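Here the structure is laid out as structure tokens; the discussion comes afterwards.
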Amino acid sequence: MERKGLTVTMIFLAESANYGEGIGNITTLKKMSRGTYEQYSYISRQAMRYNIIQQLEWDKTPVDGKSGVVQFAPSATIEDYPEIDLFGYMKTTSKADEQKGGATTRSAVARLSNAIALEPYQSDLEFLTNMGMAKRQNLENGIAQSEIHRSYYTYTMSIDLDRVGVDGEVEISQEEKAERVKALLEALCYLYRDIKGRRENLSPLFVIGGRYERKNPFFENRMMIKKNKINVDTLKEIIEDSGIKQFTYAGVTTGIFDNDAEIKQALSAETVGSVFKCLKEEVDAYYGEGN
């Protein structure tokens with residue numbers, strides 16, 4: 001069988017990187033709860049996608065609102081716009097146009113999960129005022145509070161390599177397919193997020209993944225951190241399958257996790273950068289095999 005499924009799971013460290021609607025003068029983080037009633041902040045996949053597309057400068061795909069909803073323009077094709085090639089689209093043509101009307105869709109080729117905190121939210125709040133500006137004119141200052149949470153986060157990107165650059169009768173060259181996927185991997189390696197005057201570094205501190213026959217995101221929902229240690233035993237069990245182990249790459253940033261020596265030994269982990277280099281080589285190998 002062809003190894004046409006690429007998946008990579010990452011851990012990064014960030015602070016208060018995605019906010020919700022808010023209540024009164026309190027700005028609330030996006031959070032979810034587990035059965036233990038502990039709350040975990042998260043960065044939505046939509047927010048992650050926004051930053052990836054923006055930093056790749058792929059946010060030039062034309063849109064329109066003729067159907068009553070802002071969507072990608074019917075004229076946009078995957079040949080010209082990598083954004084809709086990798087992340088999919090819905091394009092609606094209204095009956096007022098020359099065409100009879102209707103919707104065409106493309107499911108995502110590159111699928112993102114939410115980036116979910118690996119450490120529970122502890123109800124920390126930041127007290128805020130605009131006293132510095134108010135004092136300039138001897139005015140009353142406003143008061144606000146903002147939820148804050150500094151934590152490790154994990155998320156997964158899975159890519160169907162056989163679907164990249166193919167949409168009906170449209171198909172781009174193998175070289176262009178490879179370049180698009182490698183550009184996406186490069187963006188993940190150096191990802192950041194601007195929020196509330198801060199620039200949060202979302203570059204991975206730990207990464208594990210590879211190119212496999214199955215398109216399963218093997219390492220998604222398997223990452224845990226306790227006492228600043230990654231759950232190496234769980235990951236070792238996953239890669240025991242010969243169809244996984246021989247194609248898996250792992251990388252870790254030295255000096256961050258308390259068990260980085262164990263990670264390097266048990267998972268044959270190298271640097272984060274070397275993993276992304278290997279994944280790019282896997283992409284070149286796949287599209288160079290006549291696929």
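Any read-out appearing in this document is the output of simple, stated calculations on the displayed coordinates, not a laboratory observation. Nothing here was measured: the structure is a model prediction, and the numbers come from that model. So basically every Cβ, Gly included, is an ideal-geometry build from the backbone, and we count neighbours across all protein chains shown.
At least 2 residues that are touching a residue at least 40 places away in the same chain (Cβ under 8 Å) in each: list the strands (runs of 3 or more DSSP E) lying fully within the stretch 26-128 that qualify. Let's see the steps before the verdict.
Details: elements: 31-33, 39-43, 89-93, 102-106, 110-112, 115-117.
Where strands (runs of 3 or more DSSP E) fall fully within the stretch 26-128 and carry at least 2 residues being touching a residue at least 40 places away in the same chain (Cβ under 8 Å), they are 31-33, 39-43, 110-112, 115-117.
The residues of the stretch 148-162 that are surrounded by fewer than 18 Cβ atoms within 10 Å (Cβ to Cβ) and in a helix (DSSP H, G or I) amount to a single one, Asp162.
Please determine, by comparing only the residues of the stretch 228-258 that are of a type in the set (Val, Ile, Thr) and closer than 20 Å to Ser203 by Cα, which one is surrounded by the fewest Cβ atoms within 10 Å (Cβ to Cβ). Once the filter is applied, the top-ranked residue is Thr254. Counting the residues of the stretch 138-171 that are of a type in the set (Phe, Trp, Tyr) and touching a Ser or Thr at 6+ places or on another chain (Cβ under 7 Å) gives 1. Residues considered: Glu220, Glu179, Glu171. Of these, the only one that is acidic (Asp, Glu) and touching a residue at least 60 places away in the same chain (Cβ under 8 Å) is Glu220.
Filtered by the rule that a residue be part of a loop (DSSP other than H, G, I, E, B), exposed (fewer than 13 other Cβ atoms within 10 Å of the Cβ) and on the phi < 0 side of the Ramachandran plot, the stretch 259-290 gives Gly288, Glu289.
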